[in-house]
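First the structure, in the form of structure tokens, and then the observations on it.
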Amino acid sequence: MSLSKPSRESPRESLDPEDRPITLPTGEIVVPVVNSFPSLIRVAFMDMIQADDYVSKDRLAPDQWARTHVFLDNPKTKAIGQRDRNTKSFAQSRYELVQNRLYRQASGKHPRRYAVPQNEVFEIIKAAHLKIGHAGRDKTFMEVSASNHGISQTECEWMATHCKFCTLNRGREGKRPLEPITVSRVWERIQTDLIDMRHTPDGRYAWILHIKDHYSKYTQLYALKGKDSEGIAECLAMFIMAFYPPEILQCDNGKEFKGRCFIYFLILGHASQPSLYYLTLANSI
Ligand SMILES: [Zn+2]
């Protein structure tokens, strides 16, 4: 039997950009197990702060932020109407431009800080929350407000409570936090999982075997009549014959993946016999 090595690039092309592996400056490639702030979270946050009835007493409204920028960039600009005159007065007394970026002047205990426009709030809180290792509301707010003006503690709380990583680790106090798995190529680590479809079987098929390459996220599904080891082993063999033997086979701690499956790999006898990892955490596929 000859096994041809699959393309390393093709399965990645169809991925959501947020799920793609990240290449660190060191050249190491990290596949994030948990995307702490997927795009749906961003959409929900932006919907909240852009709502007509949302009040942010510290941050300039988008139109005021733009006018403040204009008034400082060109002080001869004439204000139109009372609200605009107030904005101009406020701009000249409280704000300044530094390298064409808008800053709130130093006041009290605060140094000069970046005046955050509405469309950058999410990314700034996200960056601060990740930088300090998923600390809670107060530390995230301290990190944010050290160099930024216009973001509230409530907004930091919203982000901390909606962070997927924090949600998964909540209730795991005293336990080791979930850590990302590092892989550097396709078929280095294959994850498997059994999906129970007995509530909606398709004829005699009531189980789905889900096999996924951790690096490329390439996924293959196999319909099964039961969750016996023999059927799973045959599907794994088909997967290997169609693609490439994995170095690591990661599966949950069900007995279905032990015994016959492992023997199958021994029979195959390829040089890189896979290690079997049994997950004790929640399924991570
Ligand atoms: Zn978090």
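The values are calculated or read from the model by the stated rules, or taken from the named source; none is laboratory data. Bear in mind the structure is a predicted one, so any value in this text is a computation, not a measurement. Every residue, glycine as well, gets a Cβ built from its backbone with ideal geometry; the counts of neighbours run over all protein chains shown.
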Residue under question is LYS78, and the condition is that it be part of a helix (DSSP H, G or I) and in the same structural domain as CYS156 (by TED's automatic domain parsing); does it hold?
no
Taking first residues from the range 113-141 that are in the same structural domain as ARG101 (by TED's automatic domain parsing) and farther than 24 Å from ARG170 by Cβ and second residues anywhere that are of a type in the set (Gly, Ala, Ser) and away from the ligand (no atom under 11 Å from the Cβ), the pairs with Cβ under 7 Å that are 6 or more apart or on different chains are ARG113/SER147; TYR114/SER147; ALA115/GLY150; VAL116/GLY150
Next on the checklist: Kindly evaluate TYR222 against the criterion of being more than 26 Å from the chain's Cα centre (by Cα) and either closer than 22 Å to PRO245 by Cα or not in a loop (DSSP other than H, G, I, E, B) (or both).
Outcome noted: yes
Scanning the range 88-115 for residues that are over 19 Å from PRO62 (Cβ atoms) and surrounded by 13 or more Cβ atoms within 10 Å (Cβ to Cβ) gives GLN92, GLU96, GLN105, HIS110, ARG112
Looking across the range 185-218 at residues that are closer than 16 Å to ILE240 by Cα and without any contact (Cβ under 8 Å) to a residue 60 or more places away in the chain, the single one that is surrounded by the most Cβ atoms within 10 Å (Cβ to Cβ) is ILE211
Answer yes or no: is there a residue in the range 34-48 that is assigned to a loop (DSSP other than H, G, I, E, B), touching a strand residue (DSSP E or B) at 6+ places or on another chain (Cβ under 6 Å), at pLDDT below 85 and surrounded by 13 or more Cβ atoms within 10 Å (Cβ to Cβ). no
Residue count, the range 85-111, condition part of a helix (DSSP H, G or I) and not β-branched (Val, Ile, Thr), comes to 9
